[in-house]
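Report on the following structure.
Values quoted throughout were computed directly from the atomic coordinates according to the rules given, and no laboratory measurement underlies them. Everything numeric in this text was worked out from a predicted model, so none of it was measured. Note: ideal-geometry Cβ built from the backbone for every residue, glycine included; neighbour counts use all protein chains shown.
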Amino acid sequence: MDSHAGRMDAIYRTQRHFYDLTRKYYLLGRDGLIRALAPPPGGTVLEIGCGTGRNLIAAARAWPEARLYGIDISEAMLETARAKVARAGLSGRITLAQGDATGFDAAALFGVATFDRVFQSYTLSMIPDWQGAIREGTAKLAPGGELAVVDFGQQERLPGWWRTLLFAWLAKFEVAPRALLPEALREVAANAGLRAEITPHYRGFAWSGRLLHG
Ligand SMILES: C[S@@+](CC[C@H](N)C(=O)[O-])C[C@H]1O[C@@H](n2cnc3c(N)ncnc32)[C@H](O)[C@@H]1O
């Protein structure tokens, strides 16, 4: 296990038991991302950094014809995700595997190499090589596929003291909001022949980004 995986396990070994209850108040924008996924009928959806499986379960319910896949670097999180998916009766539609967002072999893990929709929710702010993770997610898109991202913004329309307190608190959990996220998404999009759409939410609390065709 590399040190990043070990640190993620250390952070989430206990937190995973109350993660969904607490995060629902501040991991904003996740449900909007799921509503906008719109995979093609019978299509495939991959969440990179799926955590407890909360988003995959919501996506499976929102898009009942889709087949869903999730990777996470933390085995502790995956243990919780597997149990939640089984309790939701969705083990037949959601497949989970351990993998690193910056480099993983989807064909070996899932028997599926590329996906119609790939998303990363509040994960890039925890990955040291987050630009590499955007590139890797984009490389996993099937023809016509789209990438969606939601993460902390720069709190640009909120008071300075709020930003200072929030960022200091997030740093305790190895979370660093990425100021250059819009630029990085635009660069990856341009290299992949895609269009980037970046939207701030809640006065910059969160940012969402989509890499689309056309
Ligand atoms: C803040 S949680 C978000 C979980 C979920 N996406 C959500 O929206 O609730 C971040 C997740 O990213 C995972 N993660 C961190 N670094 C990763 C990496 N390099 N590869 C895959 N997953 C990673 C963590 O283990 C954790 O489950």
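Quick one: in the range 98-112, which of the residues that are part of a loop (DSSP other than H, G, I, E, B) and in contact with a strand residue (DSSP E or B) (Cβ under 7 Å, 6 or more places away or on another chain) is surrounded by the fewest Cβ atoms within 10 Å (Cβ to Cβ)? Here the answer is 112. Taken together, the criteria place residue 37 among residues that are of a type outside the set (Phe, Trp, Tyr), more than 11 Å from the ligand (Cβ to nearest atom), surrounded by 16 or more Cβ atoms within 10 Å (Cβ to Cβ) and within 24 Å of residue 202 (Cα to Cα).
Considering (1) under 14 Å from residue 123 (Cβ atoms); (2) over 15 Å from the mean Cα position of the chain (by Cα); (3) of a type in the set (A, V, I, L, M), the lone condition that residue 10 does not fulfil carries the number (1).
Every condition in (1) of a type in the set (A, V, I, L, M); (2) touching a Ser or Thr at 6+ places or on another chain (Cβ under 9 Å); (3) surrounded by fewer than 23 Cβ atoms within 10 Å (Cβ to Cβ) holds for residue 81 except the one numbered (3). Among the residues of the range 24-33, just one is free of Cβ contacts under 8 Å to residues at least 60 places away in the same chain and either assigned to a helix (DSSP H, G or I) or of a type in the set (Gly, Ala, Ser) (or both), namely 31. Quick check on my filter: what residues within the range 47-64 are in contact with a Phe, Trp or Tyr (Cβ under 6 Å, 6 or more places away or on another chain) and without any contact (Cβ under 8 Å) to a residue 40 or more places away in the chain? Passing the criteria: only 52.
When 93, 13, 67, 7 are screened for being touching a Leu at 6+ places or on another chain (Cβ under 7 Å), in contact (Cβ under 8 Å) with a residue 12 or more places away in the chain, more than 8 Å from the ligand (Cβ to nearest atom) and more than 22 Å from residue 206 (Cα to Cα), only 93 passes.
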